[in-house]
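The values are calculated or read from the model by the stated rules, or taken from the named source; none is laboratory data. This is a predicted model, so every value here is computed, not measured. With ideal geometry, Cβ positions are generated from the backbone for all residues, glycine too; neighbour counts draw on all protein chains shown. Remember, those area values only see protein heavy atoms, side chains included, never the ligands or the DNA or RNA. Shrake-Rupley method; radii C 1.70, N 1.55, O 1.52, S 1.80 Å.
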Amino acid sequence: MTLFGALRTPRNLVFGAGQRAALPGYAAKLGRRALVVTDARLSNEADFRKMVDGLASSGVAVHVFDGTIAELPLECIAQGVEAGRKFGADLVIGIGGGSCLDAAKVCALLLAHKGKPSDYYGEFKVAGPILPLILLPTTSGTGSEVTPVAVITDPDRAVKVGIASPELICHTAICDPELTYSCPPSLTAVSGADALTHAIEAYTTIRRTPTDTIVHDHVFLGKNALSDAYALLAISHISCSIKRAYDHGDDHTARERLMLGATTAGLAFGTAGTAAAHAVQYPIGAMTHTAHGAGVAVMMPYVMELNRNFCEPELVEIGKVMGLDLEGRSSFDAASETIDAVAALFASIGIPKSIADLGIVEAQLPQVAEQAMGSARLIKNNPRPLDPTVMTSLVGAAFTGDRIGLRNDVKAWKVN
């Protein structure tokens with residue numbers, strides 16, 4: 001295989017405690033009238049007001065839209081766009097968790113190109129640059145500050161839908177771990193679990209033949225030399241910090257490493273993509289209204305078991321960067337220990353064991369499998385080809401909690 005690498009990244013990426021103070025300097029070079037997209041809780045915090053005051057001091061007029069709500073329904077986007085139009089915004093700044101950052105992306109898109117979000121669903125539907133965009137995450141999870149995708153809720157669709165385009169990548173991402181210090185344990189857990197899932201899926205996605213049009217044919221290219229490096233870096237940082245940050249929110253080193261892991265996971269999957277765990281989560285999230293990070297984390301060990309014959313060397317490498325002693329183990333056993341370690345880590349921060357624990361009932365399983373298969377941009381990235389029969393087996397195992405049954409089935413198939 002020819003060595004191939006690609007990355008889709010912001011023009012500027014700044015990481016470090018206190019770096020939110022760099023915001024005015026970047027903003028003043030990009031525009032004079034900034035729409036700041038956030039939520040009602042953050043808009044009342046002292047750190048947020050200080051950032052807004054800093055923008056004003058640098059000569060940037062500000063209008064704060066704090067109507068972002070979880071799951072990002074269409075009416076929320078419409079309100080933000082209307083606020084930006086009335087204000088005459090020439091710059092968008094997103095401050096907050098994943099929903100705030102995705103809202104900022106879609107607002108910047110619609111302020112530049114007009115239309116409605118559904119005009120841009122899918123891949124490569126954005127014709128050109130959006131308004132200049134700066135993003136500052138306040139959680140260590142989605143990696144949205146560096147990715148080319150925004151996910152929203154459309155009442156006409158059964159599951160969440162995505163807008164995926166390199167044009168959505170922000171101009172500048174500022175990642176300041178001090179903004180995560182107030183995250184409660186539950187949010188730390190689900191956002192961090194989301195980030196670890198991003199990194200694992202990015203590292204184990206399909207590896208496509210690097211044609212001379214691959215970067216134009218796919219927003220998410222599959223694993224490659226550069227995305228792999230960021231994925232392993234993310235797994236290393238997250239696996240050693242997430243439990244510590246969950247148990248001890250005042251551990252600043254853990255908070256720093258967790259945020260660095262979340263951002264580098266975003267860099268990995270923002271180019272490589274994610275796969276089956278995310279595909280299954282979309283219908284589960286719609287049916288149960290549970291946190292996205294919890295859903296993908298529940299699915300991840302089952303997906304690793306299902307895919308293992310197509311990515312076993314990668315699973316072994318994941319175990320090594322997690323710090324497991326795999327010396328002398330067979331490849332199959334080493335991969336098994338890795339999957340067990342991921343499942344145990346998620347359990348230690350309160351992630352449920354099965355999708356039944358999330359509220360799915362048996363009668364919903366056919367619908368979950370069918371709708372998961374409808375996420376084409378995710379299904380095509382899975383290392384093991386997925387069809388309705390395979391998806392049904394995966395969803396069934398995740399419902400009963402029988403991960404070892406999946407392992408035995410895969411082992412028997414490999415032997416035969």
First in region 386-404 and of a type outside the set (Gly, Ala, Ser), second anywhere and part of a loop (DSSP other than H, G, I, E, B) and open to solvent by 30 Å² or more (accessible area, probe 1.4 Å), Cβ under 6 Å, 6 or more apart: Phe399/Ala356
Which listed residue is within 24 Å of the chain's Cα centre (by Cα) and either surrounded by 14 or more Cβ atoms within 10 Å (Cβ to Cβ) or of a type outside the set (A, V, I, L, M, F, W, C) (or both), from Thr38, Thr2: Thr38
Considering residues of region 183-232 that are touching a strand residue (DSSP E or B) at 6+ places or on another chain (Cβ under 9 Å) and not aliphatic (A, V, I, L, M) only, the residue surrounded by the fewest Cβ atoms within 10 Å (Cβ to Cβ): His218
Filtered residues of region 122-138 (kept if open to solvent by less than 60 Å² (accessible area, probe 1.4 Å) and either on the phi > 0 side of the Ramachandran plot or at pLDDT 95 or above (or both)): Gly122, Val126, Gly128, Ile130, Leu131, Pro132, Leu133, Ile134, Leu135, Leu136, Pro137, Thr138
Elements of type helices (runs of 4 or more DSSP H) in region 1-74, at least 2 residues being among the basic types (Lys, Arg): 46-57
Single residue of region 85-102 satisfying the filter (more than 22 Å from Ile174 (Cα to Cα) and in a helix (DSSP H, G or I)) that is least open to solvent (accessible area, probe 1.4 Å): Phe87
Ile152 being at pLDDT below 95 and touching a Leu at 6+ places or on another chain (Cβ under 6 Å): yes
Residue ID - nearest to the chain's Cα centre (by Cα), chosen from residues in region 324-355 that are small (Gly, Ala, Ser) and surrounded by 17 or more Cβ atoms within 10 Å (Cβ to Cβ): Ala343
Whichever residue in region 43-53 is surrounded by fewer than 19 Cβ atoms within 10 Å (Cβ to Cβ) and either within 17 Å of Leu131 (Cα to Cα) or not small (Gly, Ala, Ser) (or both) and, among such residues, is farthest from the chain's Cα centre (by Cα): Asp53
Subset tally (residues that are open to solvent by less than 80 Å² (accessible area, probe 1.4 Å) and in a loop (DSSP other than H, G, I, E, B)) for region 362-401: 10
Positions within region 54-73 being under 17 Å from Cys100 (Cα atoms), buried (at least 18 other Cβ atoms within 10 Å of the Cβ) and out of contact with any Gly (no Cβ under 8 Å at 6 or more places or on another chain), in sequence order: Val62, Val64, Asp66, Leu72
Search result, residues across region 142-159 that are over 18 Å from His171 (Cβ atoms) and touching a strand residue (DSSP E or B) at 6+ places or on another chain (Cβ under 6 Å): Val151, Thr153, Asp154
Single residue of Ala398, Ala335, Ala356 found to be hydrophobic (A, V, I, L, M, F, W, C) and either touching a Lys or Arg at 6+ places or on another chain (Cβ under 9 Å) or farther than 16 Å from Met287 by Cβ (or both): Ala335
Any hit, region 103-110, residues being part of a helix (DSSP H, G or I), open to solvent by 10 Å² or more (accessible area, probe 1.4 Å) and more than 12 Å from Cys170 (Cα to Cα): no
When residues of region 151-182 are limited to those that are part of a strand (DSSP E or B) and of a type in the set (Ser, Thr, Tyr), the one most open to solvent (accessible area, probe 1.4 Å): Thr153
